[in-house]
Structures are given as structure tokens and as C-alpha cells.
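The structure under discussion appears below in the form of C-alpha cells.
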Amino acid sequence: MSDLVSIQIQFGTSGHRGILGQTFTATHVDAIVYAIIQIMHTQAMPQHVIIGYDCRTGNEGPTGYAMQVAMRLTQAGIRVQLSDQPVPTPVVSDTIRAQGAGLGIMLTASHNPPEYNGLKVNAANGAPAPVALTTEIQTVANAAPSQAPIVPVAIQPVSFVEGFVTRLVAAVESRLGRPSISGTIVVDHRHGTSAPTWRALADALGLHVIHCHPEPLSDFGGLDPNPVSASVLDALGETVRASGAMFGVAHDPDADRFALVDEAGVPCSPEQICMIIAHYWVNQGYGLTGVATTVASSGLIQAFCEQQDCAYYETPVGFKHFSPLFDRAQAGTVFAVESSGGFSASWHTHEKCGFLPAVLMAMIVAKTGQSVAQHRAALARYGSFYFHETALTVSDAQKQRIASGDNLNHVLSVLGSHRSVNRVDGIKVVLDTGWVLWRCSGTEPVVRVYSEGATEAQVMHWLRDIVPALCE
């Protein structure tokens, strides 16, 4: 380990994250940027980087992390474009491709609490950086020498939002046409970065939006930044019912995730929304090549693909694994969805985007005259699926034991008979009528446990058995 980095930098599923002032500091940012500079100078890629940031403490301003990154890169001879405001991750991702940049850097800890911050790297196609690149960045960064003080450089920030909205609206309308959207949607910004983008989208689509918690705040106003939390969805549902809106959508601070409730305030899973969109796509003859998801997502998607005779792709967790599938889509469409609220399409950014599913749902409701609940009810033809996810806070020793599978036989004995064990990402046990999966976070002392079955009672029974067994 170098004298620059006293606490190891570790890239997880989506970037390096840590607690501000402890495991995420200006020193860590310097080390990561040093590694990026070394790699960019030795590879045949455009010497051009797009930089964005969310509203967390320390990101913004003349001495903030974002400006620190911009000045370090500029002094190394790399062209930078720095956002002029806190901005969503999908906006940065889409701008990378539109500008022909070599990489993008986003300062965000996504849905983590405000005491966290992080740094994500996106590749030239806008997708989260592949494992090979993040591993190299991590290795070089952890051996980085001490850096000289920053010499101030004039950086002129620019706006990315207008270009993103123009490209998104054009991409959607070229496929669905331009309907008259007379209804209203509710958007809970959770005091993150999404409000300016939604205002521009509303203007471009003629859509009426009720904005909740729109001001970007470093502490998110004390609100839970995770949009899929039950308390978030309950409050969103109340606003939707009171306003008579078509539906409501909530985002995390960098707006790469979404959570959606229908007109009655009933939560819809990301997989259900994806399948409503995919079902509409098939019925309209728009050309659906396939649907991609992860080992942690609902079997609803596989059932849909089997009935509709389109390709089903299952990958490890992490949106970066969808990018090769997007690249191969050619003229057809591949949708990708994660149970945690990630969604995109092969003709949009290769990063997850919280805006796209909401825009598509607004247009589908407008064109069909059917509510979100009616569209969801039509999914019953594909079977009954109840999905639940929980997170366990564990010690380092417990996390290592769970990740290694040392206690697998004990857990299997608790679960009883099973069909197979899948270790593509974490450990997934396929049962007769469903499955259970557990995965260790790469950056937090957390084990995520997922389960799906035909009924809620079945799933909750499995989870009651498996959670204690995992921690024993």
C-alpha cells in the first residue's frame, strides 16, 4: 500500500464508496484520479472525460471533489467537461456517448445514506466500467504516490441536462410516436438531483408533474435516499391518491434507480414495470429482441420471454453486465432491469436510468387509455410471483464465511430439498417452487438476501429460516 492511501480503495458493483472523512476522502479521490490518468495515457482512447456529481457534502464548489477531479485531469492534459450543477448519473452516462468522451466520472454514493460518498467510472459507451478496468484502477490507485498540491486551473462548467432530455425524448418518440399526455404524475426527488431533468422532460413532453422534495440537499432533508423503502412508497402513494395522478415515481440521489406506484398507490416492482413495457412493445410490433436481468430478479421475466419467444438473458448483479447484450441488439430492442430499480434499453444509455421507465409508462398509459394497475393485472397470464429482498448487517468474519460458502451445507439443511445451487453471483438455491439468493456487498458490511415464490407466505417462511442460518 502506498503512502497516499492508508485505507484501501475497493471498487464494488458500482464504484468505490465509503464514509466521508474516513473511507472516502480527498486522498482517495486523488489516488483514483491518478490511476485513471495513468491508464488513459497508455490506452488508445479519447483523452476526454465527462464529470458529474450529486448533492452530497463535499462534491460541489471551487474546492469540492468534482472540481478536484477536473483540475487534476486538466493538469494531466486531459480535456474535461464538468457539470454546472448536481446531476443524475444517467445524464452523465448519456453525455459520454454523445460527446465521444473516453470516460465519465460521477461523484455519488447512489442510494446510500448522506454520510457516504463515492466515485463511479463509466466507459466510453456510457456503461459502468467493466471489471477489468475497475480492477486496474483499484490496483494502480492503491499503489499511488503522494500527489503535489493542486495548481488552480480555470474550469468552465457546462450543462448536460438539456442535451440528455433532447436525446431521450427523440429516442422514445422515434419508436412510440408523440401522444398527447393529458394526465399527471408525481415525482419524489428525495432532495436529490432529478428535479431539473424532470422539469425539462415535462416541458418537452407536455406532461404535468407534481414535484415532491425537489431541492437538492446534502443531507436529503433527513429523508431515506433509498426509493424502494416501504416508507418512501407509502408516502408517495398517499400523494398519488390525493392528486388523482396516473402514477408516482421516486428516485435515489443520482436518479439511476426508480420505484413506481400505480394510481391507487400500490407499489409495482421494477420487473413488473419492465414487463408492462415489454408486453406493450411486443403487441405493437416494435421489435423486441430480448430482456436482460440478473440472478437476483423475478422469474416473471423468464416466463414472459418463454411465452413471447424472445431471448432471456441472466447475468451477475451489476448493470455493467448488460452492456454487451445492448451492443448485440442491433435493430431490435433489448430491455434490461434489476430488482433494485435499474432499467434501460439498448437504444438509450447503457447505464441504468430512472427517467426512461417513467417516461415510457406515461406514454403507454396515454396511448392505451389503460391505467398502470390494469396493465399490471394483465401480467397474470405469465404466472404468480412474489419477490422480497432484505439486507443483513454482519461482521467481517460473518461476511467472509458467508461469501466463501463455508456454511452452505447448514443453510441447505435448513431449507430442505432443492433442485440446484447457482454460484454465478453469490449463492442462489433453486427450490421446487421458487428460489433464495444471498450476496455479500463488495463495499459495505452487508449481506443481501433475495427470495421469490408463488406466495408471500412461502417467501417469508424461507426468509425466516435462512436469515438465522446464514449468521450462525
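The values are calculated or read from the model by the stated rules, or taken from the named source; none is laboratory data. Not measured: the values here are computed from a predicted model. We place every Cβ from the backbone using ideal geometry, glycine too, and count neighbours over all the protein chains shown. SASA here: full protein model, heavy atoms, side chains in, ligands and nucleic acids out. Shrake-Rupley method; radii C 1.70, N 1.55, O 1.52, S 1.80 Å.
Among residues of segment 415-427 being crowded, with 16+ Cβ neighbours inside 10 Å and at negative phi, the one that is farthest from the chain's Cα centre (by Cα) is Ile427. For segment 193-225, the set of residues classified as touching a helix residue (DSSP H, G or I) at 6+ places or on another chain (Cβ under 7 Å), in a loop (DSSP other than H, G, I, E, B) and within 16 Å of Cys55 (Cβ to Cβ) consists of His213, Pro214, Asp224, listed by residue number.
Being touching a Phe, Trp or Tyr at 6+ places or on another chain (Cβ under 6 Å) and either at pLDDT 95 or above or open to solvent by less than 30 Å² (accessible area, probe 1.4 Å) (or both) is a description that applies to Val187. Restricting attention to segment 332-349 and to residues that are buried (at least 20 other Cβ atoms within 10 Å of the Cβ) and of a type outside the set (Gly, Ala, Ser), the residue that is nearest to Ile277 (Cα to Cα) turns out to be Phe335.
The residue of segment 305-320 that is surrounded by the fewest Cβ atoms within 10 Å (Cβ to Cβ), among those that are of a type outside the set (Asp, Glu) and either assigned to a helix (DSSP H, G or I) or out of contact with any helix residue (DSSP H, G or I) (no Cβ under 9 Å at 6 or more places or on another chain) (or both), is Gln307.
Residue-wise test of (1) surrounded by fewer than 21 Cβ atoms within 10 Å (Cβ to Cβ); (2) assigned to a strand (DSSP E or B); (3) touching a strand residue (DSSP E or B) at 6+ places or on another chain (Cβ under 9 Å); (4) not aliphatic (A, V, I, L, M).
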position	(1), (2), (3), (4)
Val429	no, yes, yes, no
Val436	no, yes, yes, no
Gly442	yes, no, yes, yes
Val447	no, yes, yes, no
Ser451	no, yes, yes, yes
Val459	no, no, yes, no
Leu463	yes, no, yes, no
Pro468	yes, no, no, yes
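Quick check on segment 345-361. Is at least one of its residues small (Gly, Ala, Ser) and in a helix (DSSP H, G or I)? Within segment 345-361, one or more residues are small (Gly, Ala, Ser) and in a helix (DSSP H, G or I). Reported count of residues in segment 233-250, each being in a helix (DSSP H, G or I), out of contact with any Cys (no Cβ under 9 Å at 6 or more places or on another chain), surrounded by fewer than 22 Cβ atoms within 10 Å (Cβ to Cβ) and touching a residue at least 40 places away in the same chain (Cβ under 8 Å), is 1. Pairs are defined by a Cβ separation below 8 Å, a sequence spacing of at least 6 or placement on different chains, a first member in segment 74-88 that is of a type in the set (Gly, Ala, Ser), and a second member that is open to solvent by 30 Å² or more (accessible area, probe 1.4 Å) and modelled with pLDDT of 95 or more; the pairs so defined are Ala76/His41; Gly77/Gln47; Ser83/Pro157; Ser83/Val158; Ser83/Ser159.
Among the residues making up segment 20-61, those that are under 26 Å from Ser194 (Cβ atoms), in contact (Cβ under 8 Å) with a residue 24 or more places away in the chain and among the small types (Gly, Ala, Ser) are Gly52, Gly58. Right, Val372: in contact with a Phe, Trp or Tyr (Cβ under 6 Å, 6 or more places away or on another chain) and modelled with pLDDT of 95 or more or not? Spelling it out, Val372 is indeed in contact with a Phe, Trp or Tyr (Cβ under 6 Å, 6 or more places away or on another chain) and modelled with pLDDT of 95 or more. Filtered by the rule that a residue be open to solvent by less than 10 Å² (accessible area, probe 1.4 Å) and part of a loop (DSSP other than H, G, I, E, B), segment 49-100 gives Asp54, Arg56, Asn59, Gly64, Ile78, Val87, Pro88.
Between Asp224, Asp256, the distinction of being under 20 Å from Gly342 (Cα atoms) and either surrounded by fewer than 21 Cβ atoms within 10 Å (Cβ to Cβ) or modelled with pLDDT under 95 (or both) belongs to Asp224 only.
The residues in segment 282-304 that are surrounded by 21 or more Cβ atoms within 10 Å (Cβ to Cβ) and either part of a loop (DSSP other than H, G, I, E, B) or out of contact with any Ser or Thr (no Cβ under 9 Å at 6 or more places or on another chain) (or both) can be counted, and the count is 5. Looking for whichever is closer than 24 Å to Gly177 by Cβ and open to solvent by 70 Å² or more (accessible area, probe 1.4 Å) here; the options are Gln400, Gln374. Which one fits? Gln374 is the lone residue from the list that is closer than 24 Å to Gly177 by Cβ and open to solvent by 70 Å² or more (accessible area, probe 1.4 Å). None of Pro225, Pro179 is farther than 23 Å from Thr57 by Cβ, in contact with a Lys or Arg (Cβ under 6 Å, 6 or more places away or on another chain) and touching a residue at least 60 places away in the same chain (Cβ under 8 Å) except Pro179. Output the residue which, of all residues in segment 321-331 that are assigned to a helix (DSSP H, G or I) and open to solvent by less than 30 Å² (accessible area, probe 1.4 Å), is nearest to Asp425 (Cα to Cα). Here the residue is Phe322.
Looking only at segment 104-120, residues that are touching a strand residue (DSSP E or B) at 6+ places or on another chain (Cβ under 8 Å) and open to solvent by 10 Å² or more (accessible area, probe 1.4 Å) come to 2 in all.
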